[in-house]
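A.B. asks: Structure below; questions to follow.
The values are calculated or read from the model by the stated rules, or taken from the named source; none is laboratory data. Model, not experiment: these values are computed from the prediction. Note that we place each Cβ from the backbone using ideal geometry, even for glycine, and neighbour counts take in every protein chain shown. Note: areas computed on protein heavy atoms with side chains; ligands, DNA, RNA excluded. Shrake-Rupley method; radii C 1.70, N 1.55, O 1.52, S 1.80 Å.
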Amino acid sequence: MCRLLAYLGSPVSLEHLLYKPEHSLIVQSYQPREMTSGVVNADGFGVGWYHPQKDTDPFTYKNTLPIWNDINLPSLSRYVESKCVLAYVRSATPGQALDFANCQPFNYENLLFIHNGRIENFRKSLHRKIRSILTPDFYERINGSTDSEHIFALLLSQIENNKHRPLESVLRNTLLLLADMAKRHQVDASANVIFSNGKRLIASRFASSSKSPSLYWLKDDLMFPNSVIIASEPLFAGNWTTCPENSIISVGEDCDIKVANI
């Protein structure tokens, strides 16, 4: 199970967000506390962020190395600031390739997406089924082999087909569709998802039949004022709130938080 991190709020340096906390995403890559499978997150990483002033598509930096072995990220992190950041360290599902096509965050236009969880026996269970209901554009955009990228493509297809509906509603429908497919094929699907357009965060803590992977949120901590952080594990001691299982968490531009059941 991978580890996720998302930030929305006042401009923050990547260094302050990724390296300074005592149980930072860097530490979680080699010493996670709440993983339900795997031991370390050494199969690559990725960071995505939005320009703090310009309305442009997001930037991404990825590598197939463990995050602690990347010699460029510490220097880069000192010089990049953003109001919205999504980051991830990977523990690859056995059989999944270690290549850039499988590194998150995935992005499409102004959207960034990260996923923690798995579809049980993905290649033999839901791989073909998911691809059969994608819109042609998003079917063709899949470059890698992970269940994560296929869930993103499914979400994008649902957004395309439901342009008039709120993104929270579209994510809920996507997860229910995934759960229905998993039930029909008698497999488990877990999908802790976070995606953003640079102005909002929308997240889920979800599993179709098992306990959901861990997920927390924190608002307006003294270390990160005027902000909301969503993370797989608390980054430091503080007033972290456990996201309810099978819920959607929405963070608005003013950092207001709404939680709804799926």
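A.B. asks: Hey, among the residues in the stretch 158-190 that are open to solvent by 30 Å² or more (accessible area, probe 1.4 Å) and among the charged types (D, E, K, R), which one's farthest from V259 (Cα to Cα)?
C.D. replies: R184
A.B. asks: Count, please, the residues in the stretch 134-153 that happen to be in contact (Cβ under 8 Å) with a residue 40 or more places away in the chain and exposed (fewer than 14 other Cβ atoms within 10 Å of the Cβ).
C.D. replies: 1
A.B. asks: Next question, about the same structure. Can you pull out every residue in the stretch 1-20 that is of a type outside the set (D, E, K, R), under 18 Å from P66 (Cβ atoms) and open to solvent by less than 50 Å² (accessible area, probe 1.4 Å)?
C.D. replies: Matches in the stretch 1-20: M1, C2, L4, L5, L14, L18.
A.B. asks: Cβ-Cβ below 7 Å, separation at least six or inter-chain, first residue in the stretch 23-35 and outside any helix (DSSP H, G or I), second among the hydrophobic types (A, V, I, L, M, F, W, C) and buried (at least 19 other Cβ atoms within 10 Å of the Cβ): which pairs?
C.D. replies: Going by the 7 Å Cβ cut-off, the qualifying pairs are H23/L235; S24/L18; S24/L235; M35/M1.
A.B. asks: Now for a different question. What residue, among those in the stretch 92-120 that are under 16 Å from N143 (Cα atoms), outside any loop (DSSP other than H, G, I, E, B) and polar (S, T, N, Q), is most open to solvent (accessible area, probe 1.4 Å)?
C.D. replies: Looking at the filtered set, the residue picked out is N107.
A.B. asks: Can I ask one more? Exactly one of (1) modelled with pLDDT of 95 or more; (2) closer than 19 Å to F106 by Cα is unmet by A92. Its number?
C.D. replies: So the condition that A92 fails would be (1).
A.B. asks: Further question: Condition first: open to solvent by less than 60 Å² (accessible area, probe 1.4 Å) and farther than 11 Å from A87 by Cβ. Now tell me which residues in the stretch 21-30 satisfy that.
C.D. replies: Here is the first cut: in the stretch 21-30, the ones open to solvent by less than 60 Å² (accessible area, probe 1.4 Å) are 21, 23-29.
Passing the criteria: P21, H23, V27.
A.B. asks: Output the residue which, of all residues in the stretch 33-91 that are open to solvent by less than 10 Å² (accessible area, probe 1.4 Å) and among the β-branched types (V, I, T), is nearest to L4 (Cα to Cα).
C.D. replies: V89
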